[in-house]
1. Using the alpha-carbon atoms, what tilt in degrees (0 to 90, nearest 10) does helix 146-173 show relative to the longest principal axis of the chain?
2. Could you give the size of the charge dipole of the range 5-213 about its Cα centre, using +1 on the Cβ of each K and R and -1 on the Cβ of each D and E, expressed in debye and rounded to the nearest 20?
3. Taking the Cβ of each residue in Lys157, Lys182 as the centre, tally the other Cβ atoms inside 10 Å and list the residues starting with the fewest.
4. Between Ala100, Pro145, Ile119, whose Cα lies farthest towards the positive end of the dipole of the range 5-213 when Lys and Arg beta carbons carry +1 and Asp and Glu beta carbons carry -1, centred on the Cα centre?
5. For helix 5-37, report the angle its Cα long axis makes with the longest principal axis of the Cα atoms of the chain; keep it between 0 and 90° and round to the nearest 10°.
6. Within a 10 angstrom radius of the beta carbon, how do Met208, Met29, Met101 rank from fewest other beta carbons to most?
7. What ranking do Lys149, Lys191, Lys134 get, fewest neighbouring Cβ atoms within 10 angstrom at the top?
8. Please give the contour-minus-distance gain from Asp197 to Asp38: 0.36 nm per residue of separation, less the Cα-Cα distance, rounded to one decimal in nm.
Amino acid sequence: MRFRRNRTSKVHDLVVAHLAQVEEAVATMAKGLAAVLDGRAWEEIEELAVLTHRAEARADDLRRAAERELVRGAFLAGTRRILLDIVEGVDRLANAAEAAMYFLTLQRISLPELLHPLIRDAVDTIVSQMVDVKAAVAGLLEGDPVAIKQAEEVDRKESRVDELQRRAIARLFATDLPLAEKILAREFLEKLVEFSDRAEDVSDLVVMAVAVRRP
């Protein structure tokens, strides 16, 4: 069942704008991580971290605006609660993108070259996962059955990112790199995977919301 736009158009527009802003934060993070792997100057990477932060801050503003409209009673109580959780969950994706960038730039971590292909693959998967999150939530708002399919894609890609993390950690600890470097690289991988885990949480909420609205 499609949500009634005559009562909820403002919430719809705010949630869609919020999704786009979170997607921008994730895309900027991806550019920053690519710059790290390409060996670009830290000053350039730090600027991308700042841009990621700014996108995250704009997403926060939109989240708060959407939450205000929801609290005013745009939907029935059950639906409203799930949508509030979804908006908060999506916002945490921007937080995760920002955290990954600041983790690297504040410590100027050098990631071992043998991990670069796996990290690039993980970042590409995460960017694609964000596209699926956006489509799943937008589909939910529009009453489009594609929401379930996109949510399933988010889950599938979360498994892919987990697999890449396991392979990267195994490869990392098979080297003779100093232990401190191994620990920092592992902690970065954990930061990166946290985004994917949070995306899966959002997809679970979308599936729940679809189930709630079915007769």
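Just so you know, all these numbers are worked out from the coordinates, no wet-lab data involved. As the structure is a prediction and not an experimental result, all values here were calculated from the model. FYI the Cβ positions are ideal-geometry reconstructions off the backbone, even for glycines, and counts take in every protein chain you see.
1. 20
2. Values: 29 positive and 38 negative charges, 122 e Å.
For the range 5-213, the charge dipole is close to 580 debye.
3. On the way: Lys157 25, Lys182 16.
Taking fewest neighbouring Cβ atoms as first place, the list is Lys182, Lys157.
4. Projecting each Cα onto the dipole axis, the largest value belongs to Pro145.
5. 10
6. Details: Met208 14, Met29 31, Met101 28.
Fewest to most other Cβ atoms nearby, the residues stand as Met208, Met101, Met29.
7. Values: Lys149 13, Lys191 17, Lys134 21.
Lowest count first: Lys149, Lys191, Lys134.
8. On the way: separation 159, 0.36 × 159 = 57.24 nm, distance 2.61 nm.
Using 0.36 nm per residue and subtracting the Cα-Cα distance, I get 54.6 nm.
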